[in-house]
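Notes follow once the structure below has been shown.
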Amino acid sequence: MPLLTRMMAQGVDLIDLNSNSPGDAGLMLKQARQAGYKGLIWQIGGPSVAEIMSVAGPLAEGFLSLEVFDFSSAAGQKFTTDYHSQWPGIVNTQSPLYYDAAKILFEAIRRAGNTDVDKVRDSLAAIEGYDAGVIGPVIWGGQADYGVNHQLLAPFWIAEVKDGREIALVKITPEKR
């Protein structure tokens, strides 16, 4: 609270909860609203709006976040249903990405015909266009920034908490560079 009080006294326009765990981010969001902060609160890294909402409750209204998966999409609803058939609780936003990453790796092993590291690596690098089922077709990027196309590009969203629900405001589809 002392940090929030000082920030509010200085008239900050925005509080960024980046690099905080969802539980801590939810608590900071809740405390800021309880202290009377009316400005924008967002998180541009470390998505997990559902977990943040579970801590902040109705005080999460208007919170913005970068999200790596749209749970309101058909694929998102199916993933959530399948997930909850095995496990209870909140689905972490990273789970669909990890699910597809595992399927992409298994497909690379299948295409390599064995588990030889070099063959699997080469197979993985050539797997462009494969659709593992949740995040869409594999697109490798990174050449312009890192000198090799080894960065898995996937769409992401800017989401807002509105009327107690997470709403995807805009989808950003990265371009291969």
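When you check ALA132 against the structure, is it closer than 24 Å to GLU175 by Cα, of a type outside the set (Asp, Glu) and more than 18 Å from the chain's Cα centre (by Cα), yes or no? Give the steps one after another, and end with the answer.
Working: closer than 24 Å to GLU175 by Cα: yes; of a type outside the set (Asp, Glu): yes; more than 18 Å from the chain's Cα centre (by Cα): no.
So ALA132 fails the test.
Taking the criterion of being out of contact with any strand residue (DSSP E or B) (no Cβ under 7 Å at 6 or more places or on another chain), at negative phi and at pLDDT 90 or above, the residues of segment 158-177 that qualify are VAL161, LYS162, ARG165. Among the residues making up segment 51-100, those that are more than 23 Å from PRO174 (Cα to Cα), touching a residue at least 60 places away in the same chain (Cβ under 8 Å) and in a loop (DSSP other than H, G, I, E, B) are GLU61, GLY62, PHE63. Every test in (1) in contact with a Phe, Trp or Tyr (Cβ under 9 Å, 6 or more places away or on another chain); (2) outside the structural domain of MET8 (by TED's automatic domain parsing); (3) β-branched (Val, Ile, Thr); (4) at pLDDT 95 or above is passed by ILE41 save one, and that test is (2).
Within segment 116-137, the set of residues being at positive phi and without any contact (Cβ under 8 Å) to a residue 12 or more places away in the chain comprises just one member, GLY129. Inside segment 101-150, residues that are closer than 25 Å to ASP82 by Cα, of a type in the set (Asp, Glu) and not in a helix (DSSP H, G or I) make up a count of 1.
Scan segment 151-177 for residues that are within 27 Å of GLY62 (Cβ to Cβ) and either assigned to a strand (DSSP E or B) or among the basic types (Lys, Arg) (or both) and report the count. Step through it out loud before you land on a result.
Initial filter on segment 151-177 (within 27 Å of GLY62 (Cβ to Cβ)): 154-174.
Right, trim to either assigned to a strand (DSSP E or B) or among the basic types (Lys, Arg) (or both) and you get 156-162, 165-172.
Adding up the residues that qualify gives 15.
Just one of (1) among the aliphatic types (A, V, I, L, M); (2) assigned to a loop (DSSP other than H, G, I, E, B); (3) surrounded by fewer than 12 Cβ atoms within 10 Å (Cβ to Cβ) fails for VAL12. It is (3).
The values are calculated or read from the model by the stated rules, or taken from the named source; none is laboratory data. Predicted, not measured: the structure shown is a model, and the values here were computed from it. We place every Cβ from the backbone using ideal geometry, glycine too, and count neighbours over all the protein chains shown.
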